[in-house]
Amino acid sequence: MKERFIEMMIADYEQLIHIPKDSYSLVIPQLKLIHKQRGEFLKKAGVVDKVSRYICEGFIGYYRSTPSGLRLFAIYQPSDTVFDLDSYRSGKPSDAEIKAISPVIYLEFSFDDEQDLTAKDIFIMRLALAVNQRVTQRQARVLEISKMGFETGYPILMKEFKGLAGEISNPDLGSFFNISTRSVIRNKRKSK
């Protein structure tokens with residue numbers, strides 16, 4: 001199964017930037033295939049995030065602590081790369097939490113391995129830069145959707161994140177769109 005997901009990741013990355021197979025052969029031995037169940041934490045608040053995660057299946061949420069409680073700020077789907085933006089590069093703990101919205105399978109790659117391989121191989125460095133650029137673009141899109149409000153944003157979110165409707169909870173949707181859970185339920189009824 002791991003080989004299939006690695007092939008999927010490489011095919012995806014080849015659409016971003018072509019790099020030699022020899023460069024991928026440096027990365028592959030460092031990848032770990034991880035399975036998490038819905039609601040499981042991938043990274044808790046107050047700890048340093050030391051890995052990036054390439055999502056193969058499922059959905060992951062990025063949560064931040066706010067005065068009103070934990071808030072879902074970003075949603076990730078297959079082919080997204082997920083890490084705690086505040087912690088991963090700085091090496092410092094943050095208040096962010098990363099949690100499985102659904103059962104999820106991802107390939108994990110450590111920060112130390114990334115640093116080591118980008119220093120050794122210019123093609124891995126170019127790939128890392130292309131992936132980071134895509135992460136930034138996709139996060140900007142998710143933030144844009146959250147700011148549209150539920151009535152406009154929810155249908156777009158469901159269209160762009162196929163299969164999310166059956167996985168994401170009403171409290172998470174409310175948190176994402178910054179409305180109450182009751183408002184989510186009421187708006188879902190109206191849209192049917």
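The values are calculated or read from the model by the stated rules, or taken from the named source; none is laboratory data. If you're wondering where the values come from, they're calculated on a predicted model, not measured in any experiment. Here the Cβ positions follow ideal geometry from the backbone for every residue, glycine too, while neighbour counts run over all protein chains shown. In case anyone asks, the SASA skips ligands and DNA or RNA and just uses the protein heavy atoms, side chains included. Shrake-Rupley method; radii C 1.70, N 1.55, O 1.52, S 1.80 Å.
Among the conditions (1) in a strand (DSSP E or B); (2) open to solvent by 40 Å² or more (accessible area, probe 1.4 Å); (3) over 23 Å from Met158 (Cβ atoms), Leu70 misses just one, which is (3). Scanning segment 48-67 for residues that are assigned to a strand (DSSP E or B), out of contact with any Asp or Glu (no Cβ under 7 Å at 6 or more places or on another chain) and either more than 23 Å from Leu164 (Cα to Cα) or without any contact (Cβ under 8 Å) to a residue 24 or more places away in the chain (or both) gives a single hit, Thr66. Give Ser25, Ser79 a once-over and let me know the one that is part of a helix (DSSP H, G or I) and either closer than 30 Å to Gly153 by Cα or out of contact with any Lys or Arg (no Cβ under 6 Å at 6 or more places or on another chain) (or both). Only one candidate passes the filter, namely Ser25. In summary, Ile179 fulfils each of the numbered conditions (1) part of a loop (DSSP other than H, G, I, E, B); (2) under 22 Å from Pro20 (Cβ atoms); (3) of a type outside the set (Lys, Arg) with the single exception of condition (2). In segment 20-47, the residues that are exposed (fewer than 14 other Cβ atoms within 10 Å of the Cβ) reach residues that are assigned to a loop (DSSP other than H, G, I, E, B) with C-beta atoms within less than 6 angstrom, at least six apart or across chains, in these pairs: Gln37/Pro103; Gly46/Pro93.
Looking only at segment 134-149, residues that are open to solvent by 20 Å² or more (accessible area, probe 1.4 Å) and β-branched (Val, Ile, Thr) come to 1 in all. With respect to (1) outside any loop (DSSP other than H, G, I, E, B); (2) open to solvent by 30 Å² or more (accessible area, probe 1.4 Å), the lone exception for Ile6 is condition (2). Of all the listed residues (Tyr76, Tyr88), the sole one being at pLDDT below 95, within 15 Å of the chain's Cα centre (by Cα) and of a type outside the set (S, T, N, Q) is Tyr88. If the condition is being of a type in the set (D, E, K, R), open to solvent by less than 50 Å² (accessible area, probe 1.4 Å) and outside any strand (DSSP E or B), then segment 106-133 contributes Asp113, Glu114, Asp121.
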